[in-house]
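The values are calculated or read from the model by the stated rules, or taken from the named source; none is laboratory data. From a predicted model like this one, the values you see are computed outputs, not experimental measurements. Counting neighbours? That spans all protein chains shown, and the Cβs are built from the backbone with ideal geometry, glycine included. For the accessible areas, the whole protein counts, side chains as well, though only heavy atoms, and no ligand, DNA or RNA atoms are used. Shrake-Rupley method; radii C 1.70, N 1.55, O 1.52, S 1.80 Å.
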Amino acid sequence: MKKQVIYVKFFIYILAAIITLPGIILAENNKSNDKVVLKIWRIPRKDVRSAYMRAERQVYERFLELNPDLELKAAAGIAMAGMDSADSVSMALAGGTAPDVMLSYLRKSTTYIDQGLYLPLDGYFSNEEISKFHPKIMPAIMQKGPPDGKEHLYLIPIGAPLIMAMQYRKDVFAKAGLDPKKPPKNWEEFIEYSKKMYDPDKGIYGYAGPTGVEAGWHFFNFIYQAGGDIVAKNEKGEWQAVYNSKETIMALKFYQRLFHEEFIKNGKKYKGVVFRGSSTEITRAMSEGRIGMSFNYIDEQKLFPPGANTELYEIAPLPVGPTGKGGGEFNQDMLGVNSQVKDPRVFDAAVRYLKYMSSEEPKRISTGILVEEGLGRFLNPKYLKSFGYSDLLEDANPQWIKVNEEAFKYAHPEPYGKNCDMIYSELSVVLDKIQSNPNVDIAAELAIAEKHTNEQLLGKLEEKERKNRTAKVWIVLFVIAVVFSYFGIRAFRIFKEMSKPNAVNYQKTSFRNHMFAWLFMGIAVITVLMWSYFPVGSGLLMAFQNYKIVGNSEWIGLGNFIQLFWQPIFWQSVVNTVFYVVLTLALGFFAPIILALIFNEIPRGSLFFRMIFYLPTVTSGIIVLLLWKQFYEPSQAGLFNKLLAAVNLPGQMWLFDSKLAMLCIIIPGIWGGVGAGSVFYLAALKNVPEELYESSSIDGAGIWGKLRHVTYPTLSMLLIINFVGAFIGAFNATSNILVMTGGGPANATHVIGLEIFYNAYVYLRFGYATAIAWVLGSFLVGFTVLQLRILRDVRFTTVNKL
């Protein structure tokens, strides 16, 4: 007994040390550092060669010189392909690691303000300072919002305003017989130039357009060029979608031509001129000389895209539409103070940082650095003159000046109303359907997209319809509650049955005999309660709220479920998930079993083949997916299309084909995991007694008879357990789809897991995402109980040695 008491005391001392040590270390660090720490989104690196990056670093260092009492630290965050910096901020907010000074773009501004993520900055910036901000940015940075619903200044624009322009490769133009000094001025010239540059045998495209939600963002420019708009305020001052217009239909028909218009070149018949990929893939392909034209940002200060080679690249205004109108998207980086900043000293430091970054000083420093590096000709003459470099005005490229002026003349601010960032997704679905189907009814699809936008994304729903839907949702939730209760009772009974002591060997003992075991097990129980059951309980509450990260969440009752059950994308994600699960199990579950059976029958070289099939397992899963993504390139230069061409079969769009995309996603996962699974099953097969196979042979059983009557009965429990686990796991799988397609094309691979991920961590709609998670849980609870029943009947024993 004394030994047990000593062990318990020792354990308590160690646990107390572990808990208090971080606090002691943190306190000592705070004592040794009297500077105020301000967390910002990104700190420019020291070891950079680019003059533009060095200019950023110099701006950063100058701020520290002017503010020696401050220390800047980079906040922890997550960056993912296909997501920009603002999306990464959303994920950092969700994870509780957001910086004190947060980045925003126009489309995120109203949503973030409505969520209460920014502190008002009224009184900290003078009218003179505010008057220097670009007029197109003013409605976004001064809005009505928390804490009193009145108009406040929340965001401060930094750097130079951005505008979309066309970037093209002069060498690709020249090879196609085009004059690099004469870029296309209108849509007709744009598509003709693209056709001349298009060379599928070499993997060269005339024009590059992004995929996924980026496609919607990119397409806004065509709508502006056609004379249309995306959103507008109604008579009540509420934002609503207005893109279901003749101008947008005109732009979509032109977009359709880019993908499906047939033409003859060098005696061959071709169709479509567009390269599709993520922004990263487009940048890489353009640097390799495989793309002729793309859209890119230029800013008011730097006339030419930073880092671009002027010997290869040139810029031009975006082509005008049939009405002769130009137009491109206007944007600007903006910073605001995180509403979770409670320390007055940190708030003061944040305001000082915003004042500095929005002043003329950073522009003066960056202009000076670029001039010293011989890059003065890349700068807007307005900045050169303003900062004392008038002698360089004659070096400025007149074409770049003209492009900059013309682009800003027809600039359209990116939509910034509440939830406007979700309009990208709606338009992207229409664009994907146009890309995959040349006969799609454009007007009908556009009408559906706008109606869906106004009803679901911008909260437009008639009161009568809302009451009707509420009644139906109550019925559905009652059914879900009954299902949960039924299976919950079943699970409780199973656990109760499993906990019954063995009647033969059972001997009652006192709690004292098990005290030490309960002490260790108690930590595990607390951990499970904290990280599993507490989030489940909190999630149940969140499902009935318009949940906001920083508090002040609103109780909306069944609002999330009403939206959920009438959301077409939700039901499509359910169908896609079921399809994904069926395909994954049909191909992925049985493949390692078959491979293990083959390995088990190979008399020689089994070790070599096992090693070959196991090798993909040691490769990073992301590397495997990116490798296969290159194999799936839809041009004639893609590996799989080359193989098809070798046997006189037509090339495929692979990941961009809604009928093939899901299969294309599943195959790399099977290829990467079949080896490890086969080794696992091979080990189980080795435990099947050879005597059983010999007896079945004597009885005249063939290979199928042996599998049915010997192998399967021996491995049945293992197979069933793995099948149920694989089934539940497939419902929660999202990473492969996120990397390969992001849910496209046309939401053909958009599964429930992605619907939860995007709504929670990109759009910050946690209440809605939690409601989806509960519905998904109701689908899976029955299979969880089935798994428990199977485990209840499993008995693990050791084999006695002879």
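The table for this structure:
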item: Three-way shape label, region 370-466, alpha-carbon gyration tensor, a/c 1.5; result: prolate
item: Between 0 and 90°, nearest 10: helix 2-32 axis offset from the chain longest Cα axis; result: 0 degrees
item: Rounded to the nearest 10 Å², the accessible area of F579 at probe 1.4 Å; result: 100 Å²
item: Per-residue SASA entry for L529, accessible area with 1.4 Å probe, Å² rounded to 10; result: 90 Å²
item: Residue (of P161, S696, S245) at the positive-pole extreme of the chain, dipole from beta-carbon charges; result: S696
item: Rounded, prolate or oblate (a/c below 1.5 giving rounded, otherwise prolate when a/b exceeds b/c) for region 568-764 by Cα gyration tensor; result: prolate
item: Cβ charges +1 (Lys, Arg) and -1 (Asp, Glu), total dipole of the chain, debye; result: 2360 debye
item: Over the chain: helical MRE at 222 nm, DSSP H runs n ≥ 4 each giving -39500 (n - 2.57), nearest 500; result: -16500 deg cm²/dmol
item: Accessible-area ranking of M542, M530, M286, M142, largest first, probe 1.4 Å; result: M530, M142, M542, M286
item: Amide H contacts of L153 (H built 1.01 Å from N, under 5 Å, at least 5 apart or other chain); result: L121, D122
item: Rounded to the nearest 10 Å², the accessible area of D171 at probe 1.4 Å; result: 40 Å²
item: C-alpha long axis of helix 85-95 to longest principal axis of the chain, angle in °; result: 40 degrees
item: Beta bridges per DSSP with both ends in the chain, % antiparallel, nearest 5; result: 70 percent
item: Subset of K108/K132; K195/K325; K39/K132; K246/K418; K132/K418; K150/K355 violating a 28 Å alpha-carbon distance limit; result: none
item: Cα gyration tensor category, rounded, prolate or oblate, for region 193-322 with a/c compared to 1.5; result: oblate
item: Within straight-line cross-link reach of K642, aspartates and glutamates at Cα separation under 19 Å, skipping those fewer than 8 residues along the same chain; result: D199, D201, E633, D657
item: Links that overshoot a 25 Å alpha carbon limit, given the list K233/K433; K269/K629; K46/K382; K46/K73; K185/K402; K182/K629; result: K233/K433; K269/K629; K46/K382; K182/K629
item: Acute angle (nearest 10 degrees) that the helix 712-731 long axis makes with the longest principal axis of the chain, alpha-carbon atoms; result: 30 degrees
item: Accessible area in the full protein assembly, largest first, 1.4 Å probe, for D179, D199, D421; result: D179, D199, D421
item: Of all accessible heavy-atom area on region 618-692, the percent that carbon and sulfur account for (1.4 Å); result: 67 percent
item: Ranking by accessible area, most exposed first, for S287, S538 with a 1.4 Å probe; result: S287, S538
item: Segment F723-M515, extension gain: residue separation times 0.36 nm, minus the distance between their alpha carbons; result: 71.1 nm
item: Phi-based couplings in Hz for region 123-135 (Karplus 6.51, -1.76, 1.60; Gly and Pro marked x); result: x, 9, 10, 6, 4, 5, 5, 5, 5, 7, 6, 4, x
item: Identified option (computed mean projected area of the Cα convex hull in nm²; candidates (i) 60.8; (ii) 54.1; (iii) 45.9); result: (iii)
item: Dipole of region 568-764 [Lys/Arg +1, Asp/Glu -1 at C-beta], most positive-end residue of A637, V582, I569; result: A637
